[in-house]
Amino acid sequence: MPLAIALYDVVLTIHILAVVVAFGVVFAYPLLDAEIRKAGPAALPGLHRLHLALAQRLITPAMVVVLLAGLYLALDRYDLGDPWISATLTILVVLFGLVGAVLTPTDRRLAELAERDGGTGEDYAREARKAAIVGSLALALVVVAIFLMTAKPGA
Ligand code: HEM
């Protein structure tokens with residue numbers, strides 16, 4: 001049997017790889033954060049700058065690859081109007097918004113506050129709560145997106 005690899009399968013592999021790269025690290029955040037926090041207040045600015053670097057240089061670019069590869073797959077074999085595709089597209093747009101408009105500025109502010117008072121102030125506690133709630137919401141959306149992509153309800 002000749003070995004023929006369809007472009008579709010290559011793009012699907014890229015799509016799934018980009019999902020792993022974009023979101024895999026986010027599932028490790030609770031453990032990563034807990035371990036770094038054990039090092040004390042001096043480690044907090046570094047923790048928030050690490051989140052920032054990951055969001056800007058890894059997660060967002062990988063999400064762009066998820067989007068572009070996903071659009072190719074959808075247009076090649078499906079339809080952007082298919083509910084499981086349009087719902088996941090909406091989730092991805094919301095994720096771009098949460099990362100760019102909420103989580104990134106919040107982490108920048110947390111880094112500044114941690115540098116100023118070691119994360120002991122009320123402002124720091126409030127921003128950290130916001131980051132935890134929005135971060136959990138983003139993770140839940142990723143889980144829903146993976147379910148929709150895998151089960152393809154209505155397809
Ligand atoms: C958070 C965003 C996304 C995640 C986590 C995600 C995840 C996945 C996963 C895990 C698969 C493999 C499913 C399987 O083979 O059974 C897949 C396939 C696919 N995804 Fe996504 N995806 C996302 C966004 C998108 C977007 C925005 C589009 C389209 C605009 C899209 C279109 C597709 C298509 C068409 C397939 C191929 C299904 C197949 O041929 O079996 N994805 N996605």
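The values are calculated or read from the model by the stated rules, or taken from the named source; none is laboratory data. Just so it is clear, the structure is predicted and the values come from calculations on it, not from any experiment. In this analysis, Cβ positions are derived from the backbone assuming ideal geometry, glycine residues included, and neighbour counts consider all displayed protein chains. Heavy atoms of the whole protein, side chains included, go into the accessibility calculation; ligands, DNA and RNA do not. Shrake-Rupley method; radii C 1.70, N 1.55, O 1.52, S 1.80 Å.
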Open item on the list: Please verify whether residue 92 is open to solvent by less than 60 Å² (accessible area, probe 1.4 Å), over 18 Å from residue 30 (Cβ atoms) and within 12 Å of the ligand (Cβ to nearest atom), treating the condition exactly as stated.
Closed with: yes
- [ ] Go through segment 72-85 and count every residue that is more than 8 Å from the ligand (Cβ to nearest atom) and small (Gly, Ala, Ser).
- [x] 1
TODO: Check residue 106 against each of (1) away from the ligand (no atom under 16 Å from the Cβ); (2) over 17 Å from residue 27 (Cα atoms); (3) open to solvent by 60 Å² or more (accessible area, probe 1.4 Å); (4) assigned to a helix (DSSP H, G or I) and name the one condition it does not meet.
DONE: (3)
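Step by step: first the residues of segment 133-146, then only those that are open to solvent by less than 60 Å² (accessible area, probe 1.4 Å) and not β-branched (Val, Ile, Thr), then the one that is farthest from the ligand (Cβ to nearest atom). Which residue is that?
Result: 135.
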- [ ] Would you please list the contacts, defined by Cβ atoms under 6 Å and residues six or more apart or on different chains, that run from a residue in segment 114-125 that is within 16 Å of residue 36 (Cα to Cα) to a residue that is surrounded by 16 or more Cβ atoms within 10 Å (Cβ to Cβ)?
- [x] 114/44; 114/45; 115/45; 119/44
Task: Residues (open to solvent by less than 40 Å² (accessible area, probe 1.4 Å), out of contact with any Leu (no Cβ under 6 Å at 6 or more places or on another chain) and not hydrophobic (A, V, I, L, M, F, W, C)) located in segment 109-132 - done: 118, 121
Task: Inter-residue pairs, beta-carbon under 8 Å, first modelled with pLDDT of 95 or more and in segment 51-76, second within 11 Å of the ligand (Cβ to nearest atom) and not in a helix (DSSP H, G or I), 6+ apart - done: 71/80; 74/80; 74/82
Task: Count of segment 6-25 residues which are within 9 Å of the ligand (Cβ to nearest atom) and not in a helix (DSSP H, G or I) - done: 0
